[in-house]
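> Dropping the structure in here first, questions after.
Derivation of every value follows stated rules applied to the coordinates shown; laboratory data play no part. Only a predicted model underlies this, so the values are computations on that prediction, with no experimental measurement involved. Every residue, glycine as well, gets a Cβ built from its backbone with ideal geometry; the counts of neighbours run over all protein chains shown.
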């Protein structure tokens, strides 16, 4: 009996006892994982999925976490004083041994599903956004003010501030040095807050 499974965007035809390399899985050596995306089962009877075969699975033991062969990428630009660059890459892979092919009962097997490792980019996307400074959070309910009255603030910069949760003069007037440094770094103001004197301006605008 054989199965065609899908993992890491690739398809593999496997039989019990096969050893193969797949895209890195989130599992340690010695663990048993189960592939649930089965495209086809073959043997005495052939079953084709639509797109997957219901309740079918392939179980495998993780042998080791390895790296593929090094791939060299060389770039050279022609013309005088041209530049060149060389960089290498080794793809992270997981070495597995197929232990069992389930034509049914995969949903109730209780074996951990084989999933890919989470990339740094994905982690960053899933992470909660940075909270606004403490002073800003404390006055989040304050009425919105026209931030364009501050020196150097136009419509585009106002949108940046509002997106960061800064909507009132009271918030800006209450900034500490730590708040200024944090906002300056997060929004890439490059010292604009201090140069334009926003805190003093906000205090004057509050007084009217």
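> Can you tell me what the convex hull of the Cα atoms of the stretch 134-207 projects to on average, as an area in nm²?
It is 4.3 nm².
> Based on the Kirkwood radius over alpha-carbon pairs, what is the Stokes-Einstein translational diffusion coefficient of the chain at 25 °C with 0.890 mPa s viscosity, in µm²/s?
Approximately 109 µm²/s, per Stokes-Einstein.
> Before anything else, pin down the relative contact order of the stretch 134-207: Cα pairs under 8 Å, at least 6 apart, normalised by residue count, whole percent.
36
> Which of rounded, prolate or oblate describes the stretch 2-117 when judged by the alpha-carbon gyration tensor and an a/c cut-off of 1.5?
Values: a/c = 3.33, a/b = 2.27, b/c = 1.47.
Since a/c reaches 1.5 and a/b is larger than b/c, the shape of the stretch 2-117 is classed as prolate.
> Distance between Cα centroids, the stretch 182-208 to the stretch 74-113: provide it in whole Å.
If we compute the Cα centre of each part, the gap is 48 Å.
> Let me ask something else. Quick check on the chain: helices-only [θ] at 222 nm, where DSSP H runs of length 4 and up contribute -39,500 (n - 2.57) each and the sum goes over total residues. Nearest 500, please.
-6500 deg cm²/dmol
> Got a sec? How would 40, 1 order by Cβ neighbour count within 10 Å, fewest to most?
1, 40
> For the chain, calculate the relative contact order in percent as a whole number, restricting contacts to Cα pairs under 8 Å that are 6 or more residues apart. Don't skip to the answer; put the middle values down first.
Working: 350 pairs, mean separation 37.3, N = 208.
Relative contact order here is 18 percent.
> What residue among 82, 16, 144 has the largest mean-square fluctuation in a Gaussian network model of the chain, using Cα springs under 10 Å?
82
> Round to the nearest 10 and give me the degree value, 0 to 90, for the angle of helix 198-207's Cα axis relative to the longest principal axis of the chain.
60
> Let me ask you something else. Based on other C-beta atoms within 10 Å, arrange 35, 52 from fewest to most.
Sorted ascending by nearby Cβ count, the order is 52, 35.
> Okay, next question. For 81, 89, which order do you get if you count the other beta carbons within 10 Å of each Cβ and list the fewest first?
Going from least to most buried by this count: 81, 89.
> Among DSSP bridges having both ends in the chain, what percentage is antiparallel? Round to the nearest 5.
So the antiparallel bridges in the chain amount to around 95 percent.
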